[in-house]
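This report concerns only the one structure given below.
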Amino acid sequence: AVTTGAYRAVEFIKANIKLEGATKASVSDSKKVVEICTQYAQKGMFNIFLTVFFATLGFAFVEPYFFIGYLVSIALFGLYQAIFMANAGGAWDNAKKIVEVELKAKGTPLHDATVVARMRAAGALIVGKTNMHEIGINITGLNPHHGCTRNPYNDRYHTGASSSGSGTAVAAGLVPVAIGADGGGSIRIPAALCGLVGIKSTFGRVSEHGAFPLCWSLGYLGPIATNVRDTARAWAIMAGQDAHDVNTADKPEISLDESAPASLAGIRLGIYRPWFEHATADVVQHTDRLLQQLVARGATLHDVEIPELDAQRIAHIVSITSEMTTSMERHYAEHRRDFGLDVRVNLALARSFGARDYLTAQRIRTKAQALWARALSDVDAIITPTTGQTAPAIDERSLPDGNSDLSMSLRVMRFCQPANLTGHPAITIPAGYDHNRLPIGLQAIGRPWGERLLFRIAAMAEQIVERRAPTRWHPVLDA
């Protein structure tokens, strides 16, 4: 009956409510939909009541002990009612899903993701969902379905992706903190290109429960914020064990030191110079300058070697695109033509990878974890630029269909991929601006569970670097 009511509600909506351009229904229309669903639910309940009541009453007359039999039958009826009511919530959930699917307008999920639930519990006001690159498969933020997310520092440039809307919302002052997801730099890239702080945790530190399982062995949820303190506080709220995510079990407790560091004395920073310099001149200049200033604040700098970085980048690409293709398979079969052209191209390329390629990538991952453990054995963190270049310019010709520039994507991602592959924590910190006044980010990659030290390094960097407001600046909290 509830299901029938849901379909009747859909018919009413299609016949009487104009959906084009509407963001929400009117109060009267909403009440009418609820009335239809409730009417059919009550009708079903009344039919059940009549059937069970007369059946139990007849059973009572047949029994030799009238009152005992009647009481037993009433008890059975009560039990049946209890079971029915226990399942009523599920029936209403199904009705909600029917309405959503029939109208092809998904509402909010029935349950918050763990990171969202924890932020709400801490007092955060969730104001909305932002744009992103379609299925997170590229680094620009150009979404042909919902528009191109533009950089608040210069709206002719991209924000970076795939958490592009999160980066723009924070950089423009609309919110102090946003949640992002990072499979190959998708928190750190928009944070770096928008002059913000963003952190990708150690694998298993932050619950993935409630997030779409797009790239389950490489994806991480985490915060993007204007400053280190807000990032650290949001991260501490999101992080920790979660019964819904087995990867978070038996992990070290969260600890945070919010005091401003007086120096970095005793902190050993590593640099692999051939890799560090594999970026544009502006990026190398500003990140190297900040690194030297961190050394002047007490840190010591040490050369390290990280072999086989190209193999690690390839293993990451094979792993993430294979997992994305697998997770999207059921949607792609039905909605292939609904995807943007760039997504279809990238998924088609990913389908060329076989099981042997994926298994080889996992063997490279295991070796990479050992190589990074060795590189970090004598230093506390390894410093790199966050991206190989600043924000790429928007090609207006690509707005209708998207674009797929793999060489540019790999250039932007090159310093972010290894931490996703190995599971090490990594943070991006503003490091200055290029000749176009576009932000540059510096990245610190730490040992597993070493987020606290990364925040300390970031807090010191924050004391050093000059920060500039973007040209598109709308500080809602200051209003």
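Within the stretch 310-320, is even one residue part of a helix (DSSP H, G or I), of a type in the set (S, T, N, Q) and under 28 Å from the mean Cα position of the chain (by Cα)? Spell out the reasoning first.
Within the stretch 310-320, the subset part of a helix (DSSP H, G or I) is 310-320.
Within this subset, residues satisfying the condition of being of a type in the set (S, T, N, Q) are 312, 319.
Now narrow it down to the ones that are under 28 Å from the mean Cα position of the chain (by Cα): 312, 319.
Yes - at least one qualifying residue is present in the stretch 310-320.
Could you grab the pairs with beta carbons closer than 6 Å, sequence gap of 6+ or different chains, first residue in the stretch 443-463 and assigned to a helix (DSSP H, G or I), second one crowded, with 19+ Cβ neighbours inside 10 Å and β-branched (V, I, T)?
These pairs meet every condition: L454/I427; A458/V228; A458/I427; A458/I429; A459/V228; A461/I429; E462/V228.
If I filter the stretch 325-335 for residues that are of a type outside the set (D, E, K, R) and in a strand (DSSP E or B), do I get at least one hit? It would help to see each step written out before you state the result.
From the stretch 325-335, those of a type outside the set (D, E, K, R) are 325-328, 331-333, 335; that's our starting set.
Those left that are additionally in a strand (DSSP E or B): none.
No, that holds for no residue.
Taking the criterion of being within 15 Å of M238 (Cβ to Cβ), aliphatic (A, V, I, L, M) and out of contact with any Cys (no Cβ under 9 Å at 6 or more places or on another chain), would at least one residue in the stretch 188-196 satisfy it?
First, the residues of the stretch 188-196 that are within 15 Å of M238 (Cβ to Cβ): none.
The answer is no, given that none of the residues of the stretch 188-196 is within 15 Å of M238 (Cβ to Cβ), aliphatic (A, V, I, L, M) and out of contact with any Cys (no Cβ under 9 Å at 6 or more places or on another chain).
Determine whether the stretch 383-398 contains at least one residue that is closer than 23 Å to A262 by Cβ, buried (at least 17 other Cβ atoms within 10 Å of the Cβ), in contact (Cβ under 8 Å) with a residue 40 or more places away in the chain and assigned by TED's automatic domain parsing to the domain that holds V345.
Residues of the stretch 383-398 that are closer than 23 Å to A262 by Cβ, as a first pass: 383.
Among the residues that remain, those that are also buried (at least 17 other Cβ atoms within 10 Å of the Cβ) are: 383.
Filter again for in contact (Cβ under 8 Å) with a residue 40 or more places away in the chain, leaving 383.
Applying the additional criterion that residues be assigned by TED's automatic domain parsing to the domain that holds V345 yields 383.
Looking for residues that are closer than 23 Å to A262 by Cβ, buried (at least 17 other Cβ atoms within 10 Å of the Cβ), in contact (Cβ under 8 Å) with a residue 40 or more places away in the chain and assigned by TED's automatic domain parsing to the domain that holds V345, one finds at least one in the stretch 383-398, hence yes.
Before we move on, is N131 surrounded by fewer than 24 Cβ atoms within 10 Å (Cβ to Cβ) and either within 17 Å of the chain's Cα centre (by Cα) or in the same structural domain as A361 (by TED's automatic domain parsing) (or both)? Quick ask: steps written out before the conclusion?
Numbers: surrounded by fewer than 24 Cβ atoms within 10 Å (Cβ to Cβ): yes; either within 17 Å of the chain's Cα centre (by Cα) or in the same structural domain as A361 (by TED's automatic domain parsing) (or both): yes.
For N131, the condition - surrounded by fewer than 24 Cβ atoms within 10 Å (Cβ to Cβ) and either within 17 Å of the chain's Cα centre (by Cα) or in the same structural domain as A361 (by TED's automatic domain parsing) (or both) - is met.
Within the stretch 210-218, can one find any residue that is at pLDDT 95 or above and surrounded by 18 or more Cβ atoms within 10 Å (Cβ to Cβ)?
So far as the stretch 210-218 goes, yes, one or more of its residues are at pLDDT 95 or above and surrounded by 18 or more Cβ atoms within 10 Å (Cβ to Cβ).
Considering only residues that are under 22 Å from S322 (Cβ atoms) and either assigned to a loop (DSSP other than H, G, I, E, B) or among the aliphatic types (A, V, I, L, M) (or both), which ones fall in the stretch 376-407?
Taking the stretch 376-407 and keeping what is under 22 Å from S322 (Cβ atoms), we get 402, 404-407.
Listed by number, the residues that qualify are G402, S404, D405, L406.
The values are calculated or read from the model by the stated rules, or taken from the named source; none is laboratory data. Since the model is a prediction, treat every value here as computed from it, not as a measurement. Backbone-built Cβ (ideal geometry, glycine too); neighbour counts: all protein chains shown.
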